[in-house]
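Written out below as structure tokens is the structure these notes cover.
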Amino acid sequence: MKIAILSNGNANYSTKRLVEEAEARGHEAKVIKYKNCYISLNEKRPDVFYKGKRLEGYDAIIPRIANYMTRYGCAIVRQLEMQGVWTASSSIAITRARDKLRSAQILTKAGVDTPKTLVSRNTADIDDLLDQIGLPVIIKLATSTHGNGVVLADTKKAARSALQAFYLYNEDGTNILLQEYIEESAGSDIRAFVVGSKVVASMKRQSLDDDFRSNLHKGGGATSVKLTEEERKMAIKAAKAMGLHIAGVDLMRSSRGPLVLEVNASPGFGIEKITGRNVAAKMIEYVEHNAGRRGSKDKVGA
Ligand SMILES: Nc1ncnc2c1ncn2[C@@H]1O[C@H](COP(=O)(O)OP(=O)(O)O)[C@@H](O)[C@H]1O
Ligand SMILES: [Mg+2]
């Protein structure tokens, strides 16, 4: 097969691993820097150009779209979808996963347990919101990544001022979530790497200092972990609800059972080093089994 890996960094570990495993399995794998692609909208066909040439002849694409370039990256993926190219992740599913509010709406509708969440744009509601959610409270930007837009407020005063700042200095209209603080799992969460309908690797991340965030970018450490049956099923259900066949599902162990925190559309492969599992090979296998079939099941839509 001829596989395009849409990634801006061919030196990136995940990208390198995908190329390596695709080649090891006899495929031709090319890294396409989607930021250097351009879209041509014309009445004949939806085109994508790369390095002066029309991008064509691929049996499958594996999007590895960075958070900071979601809109452009997804526009390129969408253009290729319109040509009928099979994609490991649909543009609509990636877009949804990048918005924590939209994700929480989809997950709760599908019956996947998540931390209790409130969303408002009215500063006059603050006291009422805080009364409902309790203290301490987590305040997060719907577009946060690497833990950078997530705040823990212990008091009403701190929560009120953090919220006001978020509302005020938020010109692109990003939604702000107020979330119940899952104290029992403070500083730790679980990443389940889902491929198709299986969890192929799982790890527990733990912040190594007193930070409540377990993001590895914030200096967290990770170890391999065995999921309970409930956690495994929940991870698969969450990925499915989001329309992602390849996903990094983040779970928290709470006193009322596992809760899904977020579903990552482009999960990193650092998990291979932690767990010793060959995640890249599982992904390529998934592509082999599914790319021949007509389209991914997700409809291309808004
Ligand atoms: N409701 C919560 N209760 C306790 N800890 C949380 C909660 N939400 C987030 N965290 C912690 O903060 C980290 C970052 O939050 P997350 O929602 O995953 O945002 P990001 O996408 O920026 O990583 C999580 O990995 C977790 O350790
Ligand atoms: Mg996270």
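When region 140-172 is filtered for residues that are within 16 Å of ligand 2 (Cβ to nearest atom) and either among the aliphatic types (A, V, I, L, M) or loosely packed, with under 13 Cβ neighbours inside 10 Å (or both), the ones remaining, listed by number, are LEU141, ALA142, HIS146, VAL150, VAL151, LEU152. Of the listed requirements (1) within 29 Å of ALA291 (Cα to Cα); (2) within 13 Å of ligand 2 (Cβ to nearest atom); (3) not hydrophobic (A, V, I, L, M, F, W, C), SER188 misses just one: (1).
Among the candidates ARG277, ARG253, single out the residue that is over 25 Å from ASP59 (Cβ atoms) and either touching a Ser or Thr at 6+ places or on another chain (Cβ under 6 Å) or surrounded by 21 or more Cβ atoms within 10 Å (Cβ to Cβ) (or both).
Working: ARG277 fails: either touching a Ser or Thr at 6+ places or on another chain (Cβ under 6 Å) or surrounded by 21 or more Cβ atoms within 10 Å (Cβ to Cβ) (or both).
Just a single option satisfies the conditions, and that option is ARG253.
In this structure, does ILE62 turn out to be out of contact with any Ser or Thr (no Cβ under 7 Å at 6 or more places or on another chain) and more than 21 Å from GLU272 (Cα to Cα)? For ILE62, the condition - out of contact with any Ser or Thr (no Cβ under 7 Å at 6 or more places or on another chain) and more than 21 Å from GLU272 (Cα to Cα) - is not met.
Give region 260-271 a look and list any residue that's within 13 Å of ligand 2 (Cβ to nearest atom) and either part of a strand (DSSP E or B) or touching a helix residue (DSSP H, G or I) at 6+ places or on another chain (Cβ under 7 Å) (or both), or say none. Reasoning before the result, please.
Narrowing region 260-271 to residues within 13 Å of ligand 2 (Cβ to nearest atom): 260-268.
Of everything in region 260-271, those that are within 13 Å of ligand 2 (Cβ to nearest atom) and either part of a strand (DSSP E or B) or touching a helix residue (DSSP H, G or I) at 6+ places or on another chain (Cβ under 7 Å) (or both) turn out to be VAL260, LEU261, GLU262, VAL263, ASN264, ALA265, GLY268.
Pairs, please: C-beta under 9 Å, at least 6 apart or cross-chain, first residue of a type in the set (Ser, Thr, Tyr) and in region 39-52, second in a loop (DSSP other than H, G, I, E, B)? What qualifies is TYR50/LYS33.
Computed from the coordinates by the stated procedures, all read-outs in this text should not be read as laboratory data. Nothing here was measured: the structure is a model prediction, and the numbers come from that model. With ideal geometry, Cβ positions are generated from the backbone for all residues, glycine too; neighbour counts draw on all protein chains shown.
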